[in-house]
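Have a look at the structure below before the remarks.
The values are calculated or read from the model by the stated rules, or taken from the named source; none is laboratory data. Remember, it's a predicted structure, so these values are computed and weren't measured experimentally. Cβ placement follows ideal geometry from the backbone for every residue including glycine, while neighbour counts extend to all protein chains displayed. The area values use the complete protein model at the heavy-atom level, side chains included, leaving out ligands, DNA and RNA. Shrake-Rupley method; radii C 1.70, N 1.55, O 1.52, S 1.80 Å.
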Amino acid sequence: MTSIPYPNSARWLLEVTAAAAPADPAAFEEQRQLLRSVAAFHRASRTWCAYIGALDVRALTVLQRLYEAAQRFGTEVRIRAIAAPDAWNGPCFPEAGELAVLVAAEADRGRQLGELPVS
């Protein structure tokens, strides 16, 4: 379900973010220890971020850890589909796949009939 990058071909990732729940220093450290192996921490926004380009064991591990953080600490988890950056070398969902259809449907949500997408 991954694709080899082709010129002019859209590649998609799932961007998974987790906003740190308000917590005392000890609980925050527990959140950090739980999530640091699966996501990068951005100190300014107090969020962890991971990218998923294939539904594989790594993706399941990332999602399970984020779910556990949400359950234990109230961490807010969000998932959105994004275009893979040019520098991304990992696996990606192909443009013709189910994720691309979902992204297109989400982009159309709320748009009036005949209204062109904003680029």
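Restricted to the stretch 1-20, and to residues there that are at pLDDT 85 or above and β-branched (Val, Ile, Thr), the residue that is surrounded by the fewest Cβ atoms within 10 Å (Cβ to Cβ) is THR17.
Please tell me if ALA54 is at pLDDT 65 or above and touching a strand residue (DSSP E or B) at 6+ places or on another chain (Cβ under 7 Å). Walk me through how you get there before you give the answer.
On the way: at pLDDT 65 or above: yes; touching a strand residue (DSSP E or B) at 6+ places or on another chain (Cβ under 7 Å): no.
Answer is no for this residue.
Within the set VAL103, VAL77, VAL38, VAL62, the sole residue that is modelled with pLDDT under 90 and within 15 Å of the chain's Cα centre (by Cα) turns out to be VAL103.
For every residue, the table says whether it meets (1) surrounded by fewer than 14 Cβ atoms within 10 Å (Cβ to Cβ); (2) acidic (Asp, Glu); (3) modelled with pLDDT under 90; (4) farther than 30 Å from PRO22 by Cα.
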{"position": "GLN71", "(1), (2), (3), (4)": "yes, no, no, no"}
{"position": "ALA84", "(1), (2), (3), (4)": "no, no, yes, yes"}
{"position": "ASN89", "(1), (2), (3), (4)": "yes, no, no, yes"}
{"position": "GLU95", "(1), (2), (3), (4)": "no, yes, yes, yes"}
{"position": "ASP108", "(1), (2), (3), (4)": "yes, yes, yes, yes"}
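Evaluating THR61 against the criteria (1) over 23 Å from ARG11 (Cα atoms); (2) open to solvent by 20 Å² or more (accessible area, probe 1.4 Å) leaves one unmet condition, (1). Answer with yes or no whether ALA54 is touching a residue at least 60 places away in the same chain (Cβ under 8 Å), open to solvent by less than 30 Å² (accessible area, probe 1.4 Å) and out of contact with any helix residue (DSSP H, G or I) (no Cβ under 6 Å at 6 or more places or on another chain). When the stated conditions are applied, ALA54 does not pass them.
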